[in-house]
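These notes are about the structure you will find just below.
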Amino acid sequence: MISGFTRMAGVAALVLWSGAALAQQTTERVAASQDWSIHEAANPKECFVASQPKDSVNSRNGEVVAANRGDTPPQLTVTYRPANGVSGQIAFRGGNYQLAGGTTASIQIGGTTFQLFSEGEWAWPASPDDDARIVTAMRGGAEAIVTSQSGRGTLSRDTFSLIGFTAAVEEATRRCAG
């Protein structure tokens, strides 16, 4: 299981992207590659790539339902923070709603499914090794499908395009090199 403290550090940049301000750090969208945006912050140095789903389907008890996911759409991100040794940390945010506590989300790329552990609005892989495996799969995939469950029992299936992902990750890596 992941440590909330370990993974919460990755949330800082993502919160900035979703419109909130954190002390002494501004994140700027510096580039885009197809369906992915590249963001950068100077102090501390941090870069991340982010995308929103091309399709979302919400269901409860097998029936498609409308779901209020708040004013921030779901996001899939990969973060680089050289000062902390973070390179390619995956995070999924289901929107402005709580994911069901004690549940896992999943991310499917091609024929491979990876588990993400949820905490509040966010979900992450269990380890940096899992992050690396997911990034590798995303580089070779066409889409990533994240399935998660809200605290109210709504099952959400978000489909993210991976068009432009490899170029975006390479740009973020270049911008946050050592």
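Only one of the numbered conditions (1) farther than 22 Å from Arg81 by Cβ; (2) within 14 Å of the chain's Cα centre (by Cα); (3) crowded, with 17+ Cβ neighbours inside 10 Å is not met by Phe165, and that is (1). Take the conditions (1) in contact (Cβ under 8 Å) with a residue 12 or more places away in the chain; (2) under 21 Å from Ala41 (Cβ atoms); Leu162 misses just one of them, which is (2).
How many residues does the range 54-83 hold that are among the β-branched types (Val, Ile, Thr), touching a residue at least 12 places away in the same chain (Cβ under 8 Å) and part of a strand (DSSP E or B)?
Keep residues of the range 54-83 that are among the β-branched types (Val, Ile, Thr), which gives 57, 64-65, 72, 77-79.
If we keep only those that are touching a residue at least 12 places away in the same chain (Cβ under 8 Å) as well, we get 57, 65, 72, 77-79.
Still in the list and also part of a strand (DSSP E or B): 57, 77-79.
Residues meeting the conditions: 4.
Counting just the residues of the range 120-149 that are part of a strand (DSSP E or B) and within 13 Å of the chain's Cα centre (by Cα), which one comes out farthest from Tyr97 (Cα to Cα)? Write out each step before concluding.
Filtering the range 120-149 down to residues part of a strand (DSSP E or B) leaves 122-124, 143-149.
Within this subset, residues satisfying the condition of being within 13 Å of the chain's Cα centre (by Cα) are 122-124, 144-148.
Numbers: Trp122: 9, Ala123: 12, Trp124: 16, Ala144: 21, Ile145: 19, Val146: 15, Thr147: 14, Ser148: 11 Å.
Out of the qualifying residues, it is Ala144.
Can you find a residue in the range 53-70 that is surrounded by fewer than 14 Cβ atoms within 10 Å (Cβ to Cβ) and over 24 Å from Ser150 (Cβ atoms)? The answer is no; no qualifying residue exists. Of (1) aliphatic (A, V, I, L, M); (2) crowded, with 19+ Cβ neighbours inside 10 Å; (3) at pLDDT below 95, Met138 satisfies all except one. Which? Status for Met138: all satisfied but (3). Looking at the range 76-95, is at least one residue within 21 Å of Ala167 (Cα to Cα), touching a His at 6+ places or on another chain (Cβ under 8 Å) and β-branched (Val, Ile, Thr)? No, the range 76-95 contains no residue that is within 21 Å of Ala167 (Cα to Cα), touching a His at 6+ places or on another chain (Cβ under 8 Å) and β-branched (Val, Ile, Thr). In the set (1) in contact with a strand residue (DSSP E or B) (Cβ under 8 Å, 6 or more places away or on another chain); (2) on the phi > 0 side of the Ramachandran plot; (3) not hydroxyl-bearing (Ser, Thr, Tyr), Gly85 fails one condition alone, (1).
The values are calculated or read from the model by the stated rules, or taken from the named source; none is laboratory data. Just so you know, these numbers come straight off a predicted model, no measurement behind them. Cβ sites come from the backbone with ideal geometry, for glycine too, and all protein chains shown count toward neighbours.
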